[in-house]
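Quick notes on the structure that follows.
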Amino acid sequence: MVVVVVTNMEVAALFEELALLTRIKDGSAQSFRARAYAAAAKALEGLPHQVAELSAVDLQRFSGIGRSSASYIREYVETGQIDKLDQLREEFPLHFRELVRVPGLGPKRAVMLRRALGVDSVESLIVALEAEAVRQLPGFGPKTEENLRRAIDRLGWSGKDRRTPILAAMRYARRIVSEVRMLPGVQEAAYCGSLRRFRDTVADLDILVATSDPAAVRQRLVELGWIRHVIVSGDTKTSMLTHSGLQVDVRMVPMQQWGAAILYFTGSKEHNIRLRRLAIERGWVLSEYSLYEAEGGGIVAQETEHGIYEALGLPWIPPTIREDTGEIEAAQSGGLPDLIVDGDLRGDLHVHTDMSGDGDDTLEAMLDKASALGLEYLAITDHAEDLAINGVGRAEMLAQRGRIASLQDRYPTMRILHGVELNIGKDGSLDYDHDFLMDYDWCVASVHSYFDLPMGHQTARVVKAIRHPAVDVVGHLQGRRIGRRPGIELDLGTVLEAAEATGTAIEINSHLDRLDASVEVLSRGQARRVHLVISTDAHRVEELEQSKWGVRHAQRGWIERDRVANTWPLERFLAWSRRRRYG
Ligand code: DGT
Ligand code: CA
Ligand code: CA
Ligand code: ZN
């Protein structure tokens, strides 16, 4: 019997992969077995005991862990592998998983392509599309070919280097960081590189670990069950590849070099080059180990980023704007923007309950959590009647309004607004009617379908919604899913002009796979007086905590606190939203 160290988090990661591959195997996102594995992954993350110490019977006492999950868990604890998972990995290798993710394909059609044409990767799909071979298959046609080609282009998948979306990258990064933090000798661990700068996608993950025992870190890393391959492993650096094809570079340094190392490995490279020049002007050298005197080698600063910036005559610059796009000049002249930060948000203005078909938790549960988080105001915005999957009629909406009114007293420090998430129809029309809409406290309007309309049509549709007097904010403006679905094509100049003219705000949606509107939209909106709102779009209790992602994304667009309407105190916010409504 192989003895391995097994952590709950590690097994959770394996179950997530098992769920993903089972979805492909069963050809359905709704696969019952896949859901069971996903539930087990979630249960494992919250398990109050060490998984390795629980028997199969014990394991099944926890909700979310069924019989087959329990037996896979035991198999992993005892043997260090799960046969079933290895089989699935072989049946659906990485390049095939990428194929499945091409918008418009999905598991069923990808399997069909592989069987009929031997197409098993995005590359071979591109070749088959060029040969017009795909249109021969039942259920495919010239139009499908055209859509697939366009989707591949717009996701930037035609080229060689495929970047990993931030959602997946963040999951792995947090996992490694917490895994490593448990080890003896480790004093600090953090992700850096483009992920710390909060780019939408990353080429690889960079993790920094301060430790007095690098060997222990190495040893743990290379035995993680979700690592496919170790590229190099030494006392200062280990590089590995996950089963999803993501490269992870882990660097180990002694604690006193932490500041210099995290500064270096956070980048961007361009930002670092500028800092190094500033060091040289002072007769110093900035390396990944320290800031030191060129002559004599005396150390000027190394322990903290703050210390190094300070020595260079600069305030600390947030990682999200370290791109050499003017931040150094701004820092030198004392003109860094008053960037929005986590604690600035006072309200959340896009929140679902289980009244939305895709929402999980009750109104009461969402309110309790929001109030516990210290929010001063909150808009409940369930989907309205036009959204096919989970439309809610007027009577039900009015009943919810009544429930909210009666619950308000329970939350003396949090004002509850009754809102709605309207669906922007193909022609820009909205749910219900004008009078009904005007009675809401807060209206989000979003695109949920017709993502492929030509730019002119798409723009007109969105602008029409922006101009509607009841609409307060456009939700996830571009409708993108990072790495999965390109955004809708919009004439941004026209959209932003309409938003400025009407006072309708643009949402920053905090879901890591959305981060919508994009940084490009935020930057272009800077020139205009467009209001923003940072929302969680929470569909379950935990998601109420994800506004921190929206904040970091906003920082990348150099967004200042005052631009964001839900940083305002309640009275100011209410005065503004009412003015919008009653002109
Ligand atoms: P990416 O492409 O999404 O992985 O972006 P980064 O920024 O994470 O790039 P990566 O992983 O190549 O390097 C991580 C950081 O290490 C980078 O932001 C700055 C630093 N770095 C890497 N190579 C160099 C270099 O040749 N010169 C300098 N100055 N810094 C470097
Ligand atoms: Ca990187
Ligand atoms: Ca790297
Ligand atoms: Zn929503």
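The values are calculated or read from the model by the stated rules, or taken from the named source; none is laboratory data. It should be emphasised that the depicted structure is a prediction, and the values quoted were computed from it without experimental measurement. Cβ coordinates were reconstructed from backbone atoms using ideal geometry, including for glycine residues, and neighbour counts include every protein chain displayed. Only protein heavy atoms, including side chains, enter the accessible area calculation; ligands, DNA and RNA are left aside. Shrake-Rupley method; radii C 1.70, N 1.55, O 1.52, S 1.80 Å.
Per-structure values
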read-out	value
14 Å Cα-Cα reach of K143 towards aspartates and glutamates, excluding residues that sit fewer than 8 places from it in its own chain	E130, E132, D452
1.4 Å probe accessible area per residue over region 472-583, in Å²	34
Sparse-neighbour loop sites [GluC sites (Glu not before Pro); region 288-396; at most 12 other C-beta within 10 Å; DSSP]	E295
Cα-based reach from K84 at 18 Å (exclusive), listing aspartates and glutamates while leaving out same-chain residues under 8 positions away	E10, E16, E17, D26, E75
Stokes-Einstein diffusion coefficient of region 180-245, Kirkwood radius over Cα pairs, 37 °C, 0.692 mPa s, in µm²/s	259
Size of charge dipole - the chain - debye, nearest 20, with Cβ of Lys, Arg +1 and Asp, Glu -1, no other charges	900
Charge dipole of the chain about the Cα centre (unit charges at C-beta), most positive-ward option of A505, L570, M255	A505
Over region 366-488: Kirkwood hydrodynamic radius from C-alpha pairwise inverse distances, Å	15.6
If the convex hull is drawn through the Cα atoms of region 466-583, its volume per residue in Å³	109
Shape box of region 360-429 [Cα atoms, principal axes, largest first, Å]	41, 22, 20
Antiparallel bridge percentage (DSSP; both residues within the chain; nearest 5)	45
Sites matching trypsin sites (Lys or Arg not before Pro) across region 486-583 that sit in DSSP coil, with at most 16 neighbouring C-beta atoms within 10 Å	R528, R529, R540
Region 169-312 shape via C-alpha gyration tensor axes, a/c threshold 1.5	prolate
Cα point-scatterer Debye curve for the chain, base-10 log of I(q)/I(0) at q = 0.06 Å⁻¹	-0.35
Taking the C-alpha atoms of region 307-355, convex hull volume expressed per residue in Å³	134
Solvent exposure, largest accessible area first (probe 1.4 Å, DNA, RNA and ligands not counted), of W549, W284	W284, W549
Whole-number Å³ per residue for the convex hull built on Cα positions in region 79-125	72
Cα-based reach from K369 at 26 Å (exclusive), listing lysines while leaving out same-chain residues under 8 positions away	K42, K548
Förster radius 41 Å - calculated FRET efficiency between S71 and D439, Cβ distance, rounded to 0.05	0.15
Overall Cα dimensions of region 466-509 - principal axes, largest extent first, Å	33, 19, 14
Calculated from backbone phi, Karplus (6.51, -1.76, 1.60) coupling profile of region 94-106 in Hz, x at Gly/Pro	3, 5, 6, 5, 5, 4, 4, 7, 5, x, x, 9, x
A379 long-range amide H proximity, modeled H, under 5 Å	D348, L349, H350, L417
Trypsin sites (Lys or Arg not before Pro) within region 359-432, DSSP loop, no more than 12 other Cβ atoms inside 10 Å	K426
Simple spin-label estimate for R410 and R181 in nanometres, 7 Å along Cα-Cβ	3.2
Taking the chain and dividing mean pair separation by its residue count, relative contact order in percent (alpha carbons under 8 Å, at least six apart)	9
Along each principal axis, Cα extent of region 263-397, largest first, Å	78, 29, 27
Kirkwood estimate for region 1-127, i.e. one over the average of 1/r between Cα atoms, Å	15.5
Extended-chain gain in nm, criterion 0.36 nm per residue less alpha-carbon gap, E560 and E91	163.9 nm
Gain upon complete extension [F32, A365; 0.36 nm per residue less C-alpha separation]	117.2 nm
Translational D in µm²/s for region 487-547 (Stokes-Einstein at 25 °C, 0.890 mPa s, Kirkwood Rh from C-alpha pairs)	199
Whether region 33-106 is rounded, prolate or oblate, judged on the alpha carbon gyration tensor where a/c under 1.5 counts as rounded	prolate
Residues listed by number, region 551-580, amide nitrogen under 18 Å from L373 label point at 7 Å toward C-beta	551-555, 564-570
